[in-house]
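**Student:** There's a structure below that I have some questions on.
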Amino acid sequence: MKKIPLLFISSLLFSIAVMAQKNSSSIKGRLMDTTARHPLPGATISIINSSDSSLVSYTLSDKQGIFEIKDIDPGNYRLIISFEGYENFSKRISIIAKKTLDLGEIKMEREYKTLKEVIVTDDAPIKINQDTVEFKADAFKTRPNATVEDLLKKIPGMQVDKDGTVKSQGEQIQKVYVDGKE
């Protein structure tokens, strides 16, 4: 078996590394919020091969929103940037050998979602409306077929005397309405 000199192997590896450096390029830029004008740290920046949609490389932006992806071979790519709460940014780019593509400041738009409709419901069992106190009857547990008197006895602060007089907090109630009827 023939031995290959160690010097030959190391010079071959060195020349391959130099050739790779000569042909590779990089992409850099800075991510900013459009309205608040502050940097976006921790955004994901991906380089996708245009021909087969394979992931070539990715990185995260630093605390100042700055990113750089190195050692990209010449070719056509798609740059995709994503950040929580912001719309994805996508751009087609072409890389030329031994060049740094500086994209400068990239302004990311906030992502807004429109609600179709909002229904406001009020589940409060007790409401005070000026001098009237309203109670939701179904908020108080009673027996099936219970009377109004049974319900009133369950409401805190309400008293029903033997003669049918209704008192709240010690004061006599003038009128009691059930479903809007006296």
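**Student:** The stretch 88-143: which GluC sites (Glu not before Pro) are DSSP loop and have at most 16 other beta-carbon atoms within 10 angstrom? Present the calculation step by step, with values, prior to reporting the outcome.
**Tutor:** Values: sites: 105, 109, 111, 117, 134; in loops: 109, 111, 117.
Loop-located and lightly packed - 109, 111, 117.
**Student:** Then there's this: GNM, the chain, Cα, under 10 Å: largest mean-square fluctuation among 52, 122, 33?
**Tutor:** Per the Cα network of the chain with a 10 Å cutoff, 122 tops the list.
**Student:** I'd like to know which of 160, 59, 137 lies farthest towards the positive end of the charge dipole of the chain, counting +1 on Cβ of Lys and Arg and -1 on Cβ of Asp and Glu.
**Tutor:** Positive-end residue among those listed: 59.
**Student:** Relative contact order for the stretch 47-151 using alpha-carbon pairs under 8 Å, separation at least 6, rounded to a whole percent? Write out the running numbers ahead of the final one.
**Tutor:** Working: 99 pairs, mean separation 16.0, N = 105.
In percent, rounded to a whole number, it is 15.
**Student:** Report relative contact order for the chain in percent, whole number only (criteria: Cα-Cα under 8 Å, sequence separation at least 6).
**Tutor:** Working: 277 pairs, mean separation 31.0, N = 182.
The normalised contact order for the chain reaches 17 percent.
**Student:** With only alpha-carbon atoms counted, please give the Rg and Dmax of the stretch 41-147, in Å.
**Tutor:** Cα radius of gyration and Dmax of the stretch 41-147 are 28.2, 89 Å respectively.
**Student:** Charges only on Cβ, +1 for Lys and Arg, -1 for Asp and Glu: so what's the dipole of the stretch 98-143 about the Cα centre, in debye to the nearest 20?
**Tutor:** Using only the charged Cβ atoms, the result is roughly 340 debye.
**Student:** Another question, then. Are there chymotrypsin sites (Phe, Trp or Tyr not before Pro) in the stretch 80-182 that DSSP puts in a loop and that have at most 10 other Cβ atoms within 10 Å, and which ones? Mind showing how you got there, number by number?
**Tutor:** Values: sites: 83, 86, 89, 112, 135, 140, 177; in loops: 83, 112, 140, 177.
Answer in residue order: 112, 177.
**Student:** Let me ask another. Quick query: amide H of residue 73 versus all other amide H atoms, modeled in the peptide plane; which residues come in under 5 Å with a sequence gap of 5 or more or a different chain?
**Tutor:** Close amide H contacts, sequence-distant or interchain: 25.
**Student:** Report in % the part of the accessible area of the stretch 66-162 that belongs to carbon and sulfur, leaving out ligands and nucleic acids; probe 1.4 Å. Write out the running numbers ahead of the final one.
**Tutor:** Working: 3760 of 7870 Å².
Exposed carbon and sulfur together represent 48 percent of the surface.
**Student:** Could you state the accessible area per residue of the chain in Å², with a 1.4 Å probe and every protein chain left in place?
**Tutor:** On the way: 14210 Å² over 182 residues.
Here the residues of the chain average 78 Å² of exposed surface.
**Student:** I'd like the trypsin sites (Lys or Arg not before Pro) in the stretch 22-90 restricted to DSSP loop residues with at most 16 other Cβ atoms within 10 Å, sorted by number.
**Tutor:** Values: sites: 22, 28, 30, 37, 63, 70, 78; in loops: 37, 63.
Answer in residue order: 37, 63.
**Student:** Using a 1.4 Å probe and counting only protein heavy atoms, arrange 132, 35 so the residue with the most accessible area comes first. Intermediate results must be reported in sequence, preceding the final value.
**Tutor:** Working: 132 65, 35 100 Å².
Reading off the accessible areas and sorting them downward yields 35, 132.
**Student:** Does anyone have the angle between helix 6-23 and the longest principal axis of the chain? Alpha-carbon axes, 0 to 90°, nearest 10?
**Tutor:** 60 degrees
The values are calculated or read from the model by the stated rules, or taken from the named source; none is laboratory data. Predicted, not measured: the structure shown is a model, and the values here were computed from it. Note that each Cβ is placed from the backbone with ideal geometry, even for glycine, and that neighbours are counted across all protein chains shown. Ligands, DNA and RNA are excluded from the accessible area calculation, which covers all protein heavy atoms including side chains. Shrake-Rupley method; radii C 1.70, N 1.55, O 1.52, S 1.80 Å.
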